[in-house]
1. Using just the helices of the chain, give the 222 nm mean residue ellipticity in deg cm²/dmol: DSSP H runs with n ≥ 4 each add -39,500 (n - 2.57), and the total is spread over all residues, rounded to 500.
2. Pairs of Cα atoms under 8 Å, at least six residues apart: use those to get the relative contact order of the chain, whole percent.
3. Under the √(5λ) rule applied to the eigenvalues of the Cα gyration tensor, what semi-axes describe the equivalent ellipsoid of the range 111-153? Give them in Å, descending.
4. Roughly how many whole Å is it from the C-alpha centroid of the range 20-45 to that of the range 117-184?
5. Per residue, what volume in Å³ does the convex hull of the Cα atoms of the range 73-176 enclose?
6. Where does the range 6-183 land on Rg/Rh, using Cα atoms and the Kirkwood Rh?
7. Once the dipole of the range 6-183 is set up with Lys and Arg at +1 and Asp and Glu at -1 on Cβ about the Cα centre, which of Ile20, Ile119, Tyr163 lies farthest towards its positive end?
Amino acid sequence: MTKPKLFVFSAPSGAGKTTILKELLKTFPELKYSVSATTRKKRPGEIDGVDYHFLTEEEFKKKIENNEFIEWEKFYDYYYGTLKNAVEDNLANGYNTIFEVDVKGALNIKKFFPDAVLIFIVPPDIEALKQRLLNRKTETEDDIKKRIERAEMELGYRDKFDYVVENSDLVRAIEEVKKIMSSL
Ligand code: 5GP
């Protein structure tokens with residue numbers, strides 16, 4: 001059996017990364033998603049244990065104390081973290097694993113797993129990103145403002161990634177990511 005591979009995706013909020021990931025999970029059956037934990041509220045359509053493990057702040061802090069995270073971050077007043085057991089189960093079963101975390105989380109996962117491949121999805125420009133966030137209508141105006149500021153900060157990390165894929169055309173971006181993953 002070849003060694004399971006780890007692919008870490010980061011992208012500013014609204015860059016289209018969730019759509020790309022869903023497509024990849026359909027294409028590669030041996031690929032499993034590492035379900036993160038979060039304290040933010042569920043969005044319509046999200047499922048506990050599938051999109052995230054939705055935890056209370058108390059539950060999350062308990063897991064920090066128990067050293068159950070590979071990495072965690074707090075932003076927009078909410079906690080987000082990668083659980084060790086989500087990854088260990090996948091690796092033990094020989095599955096490749098895909099992570100979707102913020103830029104700092106990606107760099108921390110690389111420290112934990114040096115072979116992890118970091119892929120950054122970038123929007124064509126910040127205006128396009130604002131438009132996507134506004135169209136999505138899942139966040140408040142204040143949340144959108146924070147996410148745009150954060151996106152500007154995150155874009156500064158692009159050089160630290162192994163691959164950068166621009167998402168100006170979703171179909172093309174998906175094809176490019178698939179090509180990268182198949183070549184490794
Ligand atoms: P959202 O609330 O839109 O689902 O996610 C907000 C941000 O949290 C995104 O940048 C997403 O990649 C990041 N995120 C989700 N899960 C994790 C995680 O486990 N660790 C870290 N560091 N960031 C995460």
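Computed from the coordinates by the stated procedures, all read-outs in this text should not be read as laboratory data. What you are looking at is a predicted structure, and each value in this text was computed from that prediction instead of being measured. Quick reminder, even Gly has a Cβ in these numbers, built from the backbone with ideal geometry, and neighbours come from all protein chains shown.
1. That calculation yields -13000 deg cm²/dmol at 222 nm.
2. The value is 33 percent.
3. Largest first, the range 111-153 gives 26, 13, 10 Å.
4. Centre-to-centre distance over Cα atoms comes out at 16 Å.
5. Output value, Cα hull per residue: 130 Å³.
6. Checking Rg against Rh, the ratio lands at 0.94.
7. Ile20
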